[in-house]
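J.: Below: one structure in structure tokens.
The numbers here are math on the coordinates, done by the rules we state, and not lab data. Bear in mind that the values here come from a model prediction, so they are computed numbers and not experimental data. Backbone-built Cβ (ideal geometry, glycine too); neighbour counts: all protein chains shown.
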Amino acid sequence: MATLEQTQDVQVKEGVDQETVDAVREVGGKYKYGWETDIEMDYAPKGLTPDIVRLISERNEEPEWMTEWRLAAYERWLTKEEPDWAMVDYPEIDFQDQYYYARPKSMEVKPKSLDEVDPKLLATYEKLGIPLKEQMILAGVEGADEAPAEGRKVAVDAVFDSVSVGTTFQKELKEAGVIFCSISEAIKEHPELVKKYLGSVVPVSDNFYATLNSAVFSDGSFVYVPPGVRCPMELSTYFRINAENTGQFERTLIIADKGSYVSYLEGCTAPQRDTSQLHAAVVEIIIEEDAEVKYSTVQNWYPGDENGKGGIYNFVTKRADCRGDRAKVMWTQVETGSAVTWKYPSCILRGDDSQGEFYSIAITNNHQQADTGTKMIHLGKNTKSRIVSKGISAGFAQNTYRGLVSMHPKAKNSRNYTQCDSLLIGDKCGAHTVPYIEVKNNSSRVEHEATTSKVDDEQMFYCRQRGMDEEEAVALIVNGFAKEVLQALPMEFAMEAQQLVAISLEGSVG
Amino acid sequence: MALDDRKLNATEERLAAMTVPDVGCTKTARQSALARVRAMGLPARRDEYWKFTRPDTLVQPEAPKAAVFASDEAWVFDAIDRLKIVFVDGVFNADLSDDLTLEGVEIDRLEDVCCQDNHWAEDFYGTLEANSHDPVERPLAALNTAFAGDGVTIRVTGKPSKPISLIYTHESETSDVFLHHVVRVESGAEATILENGPAAARFNKCFEIDIADGGTLHHIRAQGRDHERRAAAHMFARLGKESVYKSFTLTVNGVLTRNETVIELTGDDAVAHVAGACLGDGDFHHDDTVFITHDAVNCESRQVFKKVLRNGATGVFQGKILVKPGAQKTDGYQISQSLLLDDDSQFLAKPELEIYADDVACSHGSTSGAIDEDALFYLRARGVPKDIATDLLTLAFLAEAVDEIENEEIADEINGRLEGWLERRRG
């Protein structure tokens, strides 16, 4: 890892914690998931045409309305331009030089249960530490043995290239009334829900990549939690790209009906290859009155090698719509992978008293580029949002926080607090902050600040009163920043969290 | 990228209505500025850099009419001993101006630059503007370089005993004015420049300031109070080693104001402070767009912007600190705050950082909200009527920006004005 050693040689700024440097180096070190599964694949022809769109729809055995929906999206996509405003730079993508559909041959006839799934596929997930057997405890999670049985159950939907391999705990979830299946299955089994909600949060024409996804999405997860139900276990989708020159376009739709609760986890990895691969997902979340959704992501796509060769282009549209009063959503993301990230999980706070939270750690190394952040759109009264974003850049990487906080005229008495910090390790990388703030009523309060500059006076007073000198107090308040984000991660991500816990933003640049 | 048709047409329509003044020695600079305008196109509604401010009325061929504001109050800075340079609807007026000789400074009219051999400003005119278009384009400034009808060149060689005061009066309802000033502060020299007045129905002003090593410039402006005036002002400054530039802008009325400040810290240990206070009431749109580039070691920059808005006023702040690779030990600070006195007013902000050096401290903060109810209650409980209490808190809110003015006499003048205006408004 030539670059990493170079990073080591670079005089790290005084005040930057050595543990942080080591942890970032560890994260940016050898990619652990870069191996490939040797499995016979079934590809659709290269390129994107209406026929390919029809073919994807056909393979998924979709009804006519869905095919039409996709074709309309394809027509829209032809009229759209690729966005160029993000601070990322990559060679032009040839959208005709990609496979849009790839599935393992053994998945031609969909297995009825996990027992029938190709052992090679099961072995793939096993190697990744993803439990596809219902009795299995999570691999590698410290303390999982002592945890109560209820607490360690995680239902998993495993997506391999373009298809869902299987979904665990379906029966148990069904008993609770929760629907958790692949989106292709939901289109067939629950068309009324899909018709009602698909594209209602991220419209087909939302942006170039969302439109592309609407035309060609192959699989993904579907969740419906009925009124008043607290989902009995964590739900999780694990995305694996395996095939070469293949784009992955997954679609996730989560509906939390009145008074329900669900926690959803997402993980992703891909083999190590010299050519870049495209991943353009859309996630839509609908949260009704008094419902709550937690969405956590550990994004670990292949980031490319130390010279910036290969890696995943991660162009993702994620949005949650708090439709009902007192609805609540929490996005937590740990972004360590991908060559290029373009991702802004957003919250539409439509219901009165609804709440949106966004916690993010983005670590870029070598030649990685990340342009990520959130949008908090306050429409309802007394809505609250909180944004905590930590960006760390090392090597030759560029890391940008881009966000919007918008208080509409009717969003009276609303509140936003944003805190962004960035840390640079070495002098060849960059850290950038691009917040947009729009306040259109006067009873709302919006604050954006970089904590290094301003430590809360009251916290400071509290610490000083207890005999700490100023320096100690600042250290206590300002350090351990990353922990705020990590604490928001579910236990299933404890491994990743442990790796990052040493990171502090001491010595941050702004 | 080729311009879209709409933008191209709007640009050509405007250019067709204008002629480049025949000022011999600046001809080349003007021609290349005109070429820049054609290449960039004038700002349009969908431009990212104009996201929060509609440029239409600044671009259209005819300046929208603006009534001259009648007021019995004395002009800002009238009480201060200064050297006056007066422009009436954008034309220098020798009768109203003082004699332009003052020890430690050389002042010329822009058109006189060409009468002198090797005038220092000859090669300088338009250079900072020309360099300012990457990464964001500023076509209205290029338009100014091409078409500026008047202006002054100021070369500070020593420490003049009094401030140099540029006064812009507005007499015609349809005046459409371009002024371009060029300033050079020589090594170790120090001066204060004051500006005030509404200038015109539509005013496009460009200031190019070059501060040599160890030079210092204080720049205080009070933008005119005519309700219906429109202005787009560009302030370009390049700072040498250990030089200092401190500016403060007070804006009270005006239907549209766009103030762009573009500063480049090119010498080590340079210091740039940019501050602004604005009181917006009613049909008022005020945009502060600041771009500070750190391109040297151990420089300090500070942006402090405060806006009080009511009755449907809009305040905009777009600020950026760019720290170039190698600009280590940069200390960058940026704060933008708005006080919204009612639900009809709005604050739109984009406080940006772009950092390519690891040993720096850049902080930016932005807040927006209503008046502090606790503070209001405190004052009212002590018998202060609500409107006076609100004004007191408004002044306190603006104080952080006004405090950026080092000269106490000038700071008092600005504070006195603010108090007076609030008092008049209360009636």
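J.: Packing-wise, with mean Cβ within 10 Å as the measure, how do A:336-349, B:132-145 rank, highest first?
T.: Highest-to-lowest ranking by the protection proxy: A:336-349, B:132-145.
J.: Take peptides A:350-363, B:13-26 and line them up by average Cβ neighbours within 10 Å, highest first, as a rough protection proxy.
T.: Peptide ranking by packing, descending: A:350-363, B:13-26.
J.: Which of rounded, prolate, oblate describes chain B, given a ≥ b ≥ c as roots of the alpha-carbon gyration tensor eigenvalues and a/c under 1.5 marking rounded, otherwise prolate only if a/b is larger than b/c?
T.: Note, shape of chain B comes out rounded.
J.: Hey, another quick one. Can you pull the mean other chain C-beta count within 10 Å for peptide B:340-352?
T.: 6
J.: Same structure again: For peptide B:365-373, what's the mean number of Cβ atoms from other chains within 10 Å of each residue's Cβ?
T.: Average per residue, whole number: 6.
J.: If you don't mind, another one. How many angstrom separate the Cα center of the range A:84-115 from the Cα center of the range B:40-104?
T.: Using only Cα atoms, the two centres lie 58 Å from each other.
J.: Something else about it: Cut-off under 17 Å on the C-alpha distance; same-chain residues fewer than 8 positions from A:K318 excluded. Which lysines are left, in chain and number order?
T.: Here the lysines satisfying the reach criterion relative to A:K318 are A:K294, A:K328, A:K343, A:K375.
J.: For the protein assembly as shown, build the charge dipole from Cβ charges (+1 Lys, Arg; -1 Asp, Glu) around the Cα centre, then report which of A:F95, A:G351, A:A431 sits farthest towards its positive end.
T.: The residue sitting farthest along the positive end of the dipole is A:G351.
J.: Follow-up. Run the helix sum for the protein assembly as shown: -39,500 (n - 2.57) per DSSP H stretch of 4+ residues, divided by residue count, reported at 222 nm to the nearest 500 deg cm²/dmol.
T.: Taking each H run of at least 4 residues, the total per residue is -6000 deg cm²/dmol.
J.: Any chance you could give the angle, 0 to 90 degrees and rounded to 10, that helix B:408-426 forms with the longest Cα principal axis of chain B?
T.: Approximately 60 degrees, to the nearest 10.
J.: Using +1 on the beta carbon of Lys and Arg, -1 on that of Asp and Glu, and nothing else charged, what's the dipole of the range B:65-426 about the Cα centre, debye to 20?
T.: Here the size comes out at about 820 debye.
J.: Compute the helix-to-body angle for B:5-16: its Cα long axis versus the longest principal axis of chain B, expressed 0 to 90° and rounded to tens.
T.: Tilt of helix B:5-16: around 70 degrees.
J.: Which whole-angstrom value gives the distance between the alpha carbon centres of the range B:332-364 and the range B:205-226?
T.: Centre-to-centre distance over Cα atoms comes out at 22 Å.
J.: Before anything else, pin down the relative contact order of the range B:149-229: Cα pairs under 8 Å, at least 6 apart, normalised by residue count, whole percent.
T.: Here the relative contact order equals 34 percent.
J.: What percent do you get for the relative contact order of chain B when only Cα pairs under 8 Å and 6+ apart count?
T.: That works out to 11 percent.
J.: Is the shape of the protein assembly as shown rounded, prolate or oblate, going by the alpha carbon gyration tensor and its root eigenvalues a ≥ b ≥ c, with a/c under 1.5 for rounded and a/b larger than b/c for prolate?
T.: prolate
J.: By a straight-distance test (C-alpha under 17 Å), which lysines pair with B:K162 as possible cross-link partners, with residues fewer than eight away in the same chain excluded?
T.: Here the lysines satisfying the reach criterion relative to B:K162 are B:K84, B:K246.
J.: Let me ask you something else. Using alpha carbons only, how many degrees (0 to 90, rounded to 10) separate the axis of helix B:27-40 from the longest principal axis of chain B?
T.: Tilt relative to chain B: about 60 degrees.
J.: Other chains' Cβ within 10 Å of B:323-334 residues: what's the mean?
T.: 2
J.: Which aspartates and glutamates does A:K171 reach when only Cα atoms under 19 Å apart count, and residues fewer than 8 places away in its own chain are ignored?
T.: A:D115, A:E116, A:E134, A:E150, A:D157, A:E185, A:E189, A:E234
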